[in-house]
Amino acid sequence: MRIIAGKFKSRAVKAPSNMKIRPTSDKVKGALFNMLEPVRDCTVVDFYSGTGNLAIEAVSRGAKAVVLVDKSPEGLKLISENLQTFGLNPRDLKSGVRVIPHDVSKAFFLLHQEGKKFDILLADPPYEKGILKRLQSLLAEYPILKEGGIFAVEHGADDTELMPDFPYPMVRQKKYGDTYLTLFHYALPGETQKLEEKSDEQ
């Protein structure tokens, strides 16, 4: 598991020793960031962060601030080790890195209470049926996505049911084996079409 692009390119990210944590594969991660580019100067939340892989990739590509969310002791230990390896210190307020050691629903609530909004929301949850719809529901309840922002979810192929009346249109969905990448966009006028055209080029 390696960083694909940017200032940390080709450096290894420590992987979990067991399958309780399922990191995003390099192939899927590469496809995801191709869809998200440019990431430079964006603010990013990495829900179900696990190893910190996606957040560190975002920092490598120039994201100005990242929030890593995970509640498991194993995940938090890996996140801490990987951040340290890459010289990213969440205790340094100037680093732009923050770790929230809570479950995803509480993290949505906390960030909303703080009045925070982000350019990119990433979620790589456990592959459980209904989790895509649950994440949509959380974002609808706690709208922490900026106008023009992207909400990207990696989920299982048997979990494709969408929340009715979700306020952000789906602009891209692509299958990689038993994995789907689904992107939603908080669109400004004309932006959704541009993103769809860009995604079709991938």
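What percentage of the solvent-accessible surface of the stretch 1-63, computed with a 1.4 Å probe over protein heavy atoms, is contributed by carbon and sulfur atoms? Display every interim value, and only then the final one.
Numbers: 1420 of 2700 Å².
Here it works out to 53 percent.
Pull up the DSSP beta bridges for the stretch 50-198 and report the antiparallel fraction as a percent, rounded to 5. Percentage antiparallel, nearest 5: 60.
Taking all protein chains into account, the per residue accessible area for the chain stands at 49 Å² (1.4 Å probe). Among Ile56, Ile144, Ile131, the residue with the largest mean-square fluctuation in a Gaussian network model of the chain, with springs joining Cα atoms closer than 10 Å, is Ile131.
Place a +1 charge on the Cβ of each Lys and Arg in the stretch 87-186 and a -1 charge on the Cβ of each Asp and Glu, then give the dipole magnitude about the Cα centre in debye, rounded to the nearest 20. Don't skip to the answer; put the middle values down first.
Working: 13 positive and 14 negative charges, 72 e Å.
In debye, rounded to 20, the stretch 87-186 gives about 340.
Under the convention that each Lys and Arg Cβ holds +1 and each Asp and Glu Cβ holds -1, the size of the dipole of the chain around its Cα centre is about 780 debye. For the cross-link pairs Lys116/Lys175; Lys9/Lys133; Lys27/Lys133; Lys64/Lys133; Lys94/Lys174; Lys9/Lys77, the ones whose C-alpha atoms lie over 27 Å apart are Lys116/Lys175; Lys9/Lys133; Lys64/Lys133; Lys94/Lys174.
In this Cβ point-charge picture (+1 for Lys and Arg, -1 for Asp and Glu), the stretch 64-137 has a dipole of about 240 debye about its Cα centre.
Please build a GNM for the chain, connecting alpha carbons under 10 Å apart, and tell me which residue among Arg61, Arg98, Arg11 fluctuates the most. Taking springs between Cα atoms under 10 Å, the residue moving most is Arg11.
Projection of the Cα convex hull of the chain, averaged over all directions and equal to a quarter of that hull's surface, yields 10.6 nm². Within the listed set Ser17, Ser25, Ser95, the residue fluctuating most in the Gaussian network model of the chain (springs between alpha-carbon atoms under 10 angstrom) is Ser17.
Computed from backbone phi with θ = phi - 60° and the Karplus coefficients 6.51, -1.76 and 1.60, the 3J(HN,Hα) list for the stretch 85-92 is 4, 8, x, 10, 10, x, 7, 8 Hz; x is used for glycine and proline. Here the sum of -39500 (n - 2.57) over DSSP H runs of 4 or more residues, divided by the residues of the chain, equals -9500 deg cm²/dmol at 222 nm, to the nearest 500. Our note on the geometry: Cα centres of the stretch 29-99 and the stretch 121-191, 19 Å apart. Here's how it looks for Gly149: its modeled amide H is under 5 Å from those of Tyr186, which are all 5 or more places away or on a different chain. Projecting the Cα atoms of Gln84, Val153, Val171 onto the dipole axis of the chain, where Lys and Arg carry +1 and Asp and Glu carry -1 at the beta carbon, places Gln84 farthest toward the positive end.
The values are calculated or read from the model by the stated rules, or taken from the named source; none is laboratory data. A quick note: this is a predicted structure, and the numbers were derived from the prediction, not measured. For neighbour counting, all protein chains shown are included, and Cβ atoms are generated from backbone atoms with ideal geometry for every residue, glycine included. In case anyone asks, the SASA skips ligands and DNA or RNA and just uses the protein heavy atoms, side chains included. Shrake-Rupley method; radii C 1.70, N 1.55, O 1.52, S 1.80 Å.
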